[in-house]
Amino acid sequence: MDITTTNTSASGSSDSGSSDSYFPKEIEEKWQETWENISLYKTPIPTNEKKKFYALSMFPYPSGNLHMGHVRNYVITDVIARLKRMRGFAVLHPMGWDAFGLPAENAALERGISPSVWTNKNISHMKMQLKKLGLSIDWEREQTTSSKEYYKWTQYIFLELFESGLAYQKSALVNWDPIDKTVLANEQVDNNGYSWRSGAKVEKKELKQWFLKITDYADKLLADLGKLPEWPDKVKTMQSNWIGKSKGALITFKFEDKKERDINVFTTRPDTIIGVSYIVLSPENKLVDEIIDPSLKDDLKDFRKLIKRMSDIERTSNTENKNGMFLGSYVRNPINNILLPIWIADYVLEGYGTGAVMGVPGHDKRDFDFAKKYNLSINQVIAESVESSKDNLTQPYEDRGIMVNCGKYNGITSDEFMDIVYELGGKSSWCKKLTTYKLRDWLISRQRYWGCPIPIVHCKKCGVVAVNKSDLPIELPDETSISNINKSNNSMDKKLFKTSCPKCKGEAYPETDTMDTFICSSWYFLRFASYNNKKEPFNTDEINQWLPVDQYVGGVEHAILHLLYARFFTKVLKDKGMFSVNEPFSKLLTQGMVQGITYKNQKTNKYIPNESIKDKNNPIDPISGDKLHVVFEKMSKSKYNGVDPSLVIDKYGADTARMFILFKAPPEKDLEWDDADVEGQYRFIQRLWRLFHRYNKDNIISFKSQNEKYNFNDLSTEEKNVRRAVHLAIKEITQDLSKLNQFNTAISELMKLTNTLNDDLFECRDQIKKESLEILVKLLAPFVPHLSEELWHRLGGEGSVHNQTWPNFEKEALQKDSYELVIQMNGKFRGKILLENDMKEEDVKNICLKSEISKRWLGENKPKRIIIVRGKLINIVY
């Protein structure tokens, strides 16, 4: 590949490399243009000799500007991709845009423009910013989820799920964001009950919605976490907990006077059934209206109003005060026929389990607190021992143990009694073993315009009908129709968009909800491998060739959302025979957050722009006058705390920005932005520049002739030290990058090597200088691609440094001619002396005894015994 360019100085002027000043802007622009012109990063076809490596960052939402969190993500992936390319792999390193979403639609509504104009403008700007970072991306494979060419295939995949019975529509009580005026999935509500994007307090609302049956894959999603050894344990634990597999019993409690009805309760502790004091239903349970005492119906309405204002998180939190209401009805305990009062309570959710629980206050903390509040009976039926049983419990006993206060069952273990419950209940049909999951089906409907249209029509005659695949894509309505969005719920008016039914050809209305944007990102990694396919979403052979992704990089905040959904999609499509890959991502790196100083109004939960605050020492909301909370939080456009990488790049260069973001902290740790930290990396790059200028200032191609071999035995001490430092750096940096992804320690090794070369390289022969500097440039290449390319060509290198072979260290070069021997006297450290490697043991003794250390500590004493651990220490006993 011809990468020859005119030799230029850092200032960009044509010369012979005489300038000792470093001008990053000209250097970086020159090489970015060169790389693009020669398609340096075009993806090669994998072969037996050139194995595939798929490196991928989680693609960004085109918000308008990159922030340093983006930079960290993409630079980490870029270093890995560049290293693999230099180590002989065929590397696929693509990029795209997660382009649908609420912010673009809101911005369009505010400005009276179309979301596509807003989105495409942001993409253009952010793509320019990414290119300035010098990323080794194959832009030919770029994908944008809001383009018709992409969402055609998103709709195709939806229809595949619909045909398999995995996509369905039903009325449900859903999470409603009152600010963004749309439905949220459970995963999009934070632990405090607020919207993950707008920060609004989430409300409950009943709507007809589309769902995907992710619950059908709960077992596979859980079991296959064990097949991901290179995923962080934290992420796997988060997914496992979210899926929430529980084994227990389904117990039926019957009404005494309503034989046609029962209440089914799932419990993981059937051994506590004798201790049940009451039954609790969810307030939304339809059975409540049928069994409540008529005199309590007004109280029920008030209670439900209270519950509607609470999020699921608040209702189930262990720290919240629980609220309940007696319904005036009873059921019988099937094991002892005792009447149990029926209550409703805020902590029981209709969508989880059966929407009913049995209250066992003697053995559950939540039930204990509830019983204390409402003066319900507390029965202890399990204890550590019979003797330890208490009449008045001050706290519940929640462990396994011995049955007490249970008549004929007293004295047996709770595990033995559990077997009895299963046996008795099984015979009488009031108990059976059951496995349940916390995971709910994925709610994908969004009441927005700017999203992927759902390819469904509603026909009065035929009902819900799928659009023919040959008619895809079903395009968004003309963007002038955005003005017709209903401001009350942000959905499109169906009457404005009549269509015909694919089955009967009669009048029909299209589905006006759009898909959750996580649908688009649940398969994008597949499209990159088959990027130009006009006939299908992807080609089977291409997916089997490139997938799974070998290294995926992104934030841990996507552990439950994107990563779980992507795994679900992959398994569904595999089961449909579309490819043979079972998991989408082999190795996952969840980088820590880049945090910026953030101002937040805690009363409104709104973030305030930094520039609108006049007094940073006493920050006040400029609109409400409320005092603002100041904290370091993840950089985000919505929090107004992002740092525009362009400001750093314009002042210091992209290579400095890359080095800062890699060196500041280990990749999995959070880091707090500080402008002063960039300066250190800029100074280091300047030291590198001066080092190369020092040894290459007279003739930019002087080293081209220095190819003759030299005798290792003839090397001077300085030359041996230099070669040792060079090859030790190769060993340590390779290990840091290949196994641990410890970029910060790898950069530390580069700094140590640079210091050694500055100290000793001047005394070395030209061949050693050439070897050392060429290796240093190769080691620098993944970190500072522009600087390394410039230095490579100033050394007279051919082709691109990024196509060179990654160096291997030589064990011979790591060997030392001498070593430090520790001297001990009676087992205590007294000093060190320098000895040659091949010295005989008798000579070692003599030199040590004659040393100043021995003279000082031995004095007139005679050694009784001398112990030598060769190459490490000598212990003189006297």
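A few comments on the model shown:
- Prolate/oblate/rounded call for the range 161-270, Cα gyration tensor, a/c under 1.5 rounded: oblate
- Exceeding the 22 Å Cα-Cα cut-off - candidates K606/K627; K204/K639; K42/K571; K170/K308; K227/K574: K204/K639; K42/K571
- Pairs of lysines in the range 314-420 (C-alpha under 23 Å apart; 8 or more residues apart or interchain): 8
- C-alpha long axis of helix 841-850 to longest principal axis of the chain, angle in °: 80
- When the listed pairs K234/K739; K236/K600; K720/K828 are checked against a 26 Å cut-off, the alpha-carbon distance exceeds it for K236/K600; K720/K828.
- Placing pseudo-labels 7 Å out from each Cα toward the beta carbon at E230 and D766 gives an inter-label distance of 4.4 nm.
- Phi-based couplings in Hz for the range 235-252 (Karplus 6.51, -1.76, 1.60; Gly and Pro marked x): 5, 5, 5, 4, 5, 4, 5, 5, 5, x, 6, 10, 10, x, 10, 9, 10, 9
- J(HN,Hα) series, the range 341-357, from Karplus relation 6.51 cos²θ - 1.76 cosθ + 1.60, nearest Hz, glycine and proline x: x, 9, 10, 10, 8, 5, 7, 9, 9, 5, x, 10, x, 9, x, 8, 9
- Sequence-distant aspartates and glutamates (8 or more away, or on other chains) whose Cα lies within less than 15 Å of K460: E507, E511
- The range 394-465: C-alpha gyration tensor shape, a/c 1.5 cut-off, then a/b vs b/c: prolate
- Taking the C-alpha atoms only, the angle from helix 785-794 to the longest principal axis of the chain is near 20 degrees.
- A straight chain from Q815 to E110 at 0.36 nm per residue would run longer than the Cα-Cα distance by 246.9 nm.
- With 19 Å as the limit, the listed pairs K651/K778; K132/K770; K201/K603 have K651/K778; K132/K770 beyond it between alpha carbons.
- Mean ellipticity per residue at 222 nm, deg cm²/dmol - from DSSP H runs of n ≥ 4 across the chain, formula -39500 (n - 2.57): -10500 deg cm²/dmol
- Longest site-free stretch - the chain; sites: GluC sites (Glu not before Pro), DSSP loop, at most 15 other Cβ within 10 Å: 50-255
- Among 58-69, 122-133, the order from most to least packed when residues are scored by Cβ within 10 Å on average: 58-69, 122-133
- Folded to 0 to 90 degrees: helix 717-735 orientation relative to the chain principal axis, Cα: 10
- Test item: Cα-centred dipole of the chain, Lys/Arg +1 and Asp/Glu -1 on Cβ, debye: 820
- Each of H558, G165, L287 was placed along the dipole of the chain (beta-carbon charges, centred on the mean Cα), and the one lying farthest toward the positive end is L287.
- Global form of the chain, assessed from the alpha-carbon gyration tensor, a/c cut-off 1.5: oblate
Any read-out appearing in this document is the output of simple, stated calculations on the displayed coordinates, not a laboratory observation. Just so you know, these numbers come straight off a predicted model, no measurement behind them. Ideal geometry is used to build each Cβ from the backbone, glycine not excepted, and the neighbour counts take in all protein chains shown.
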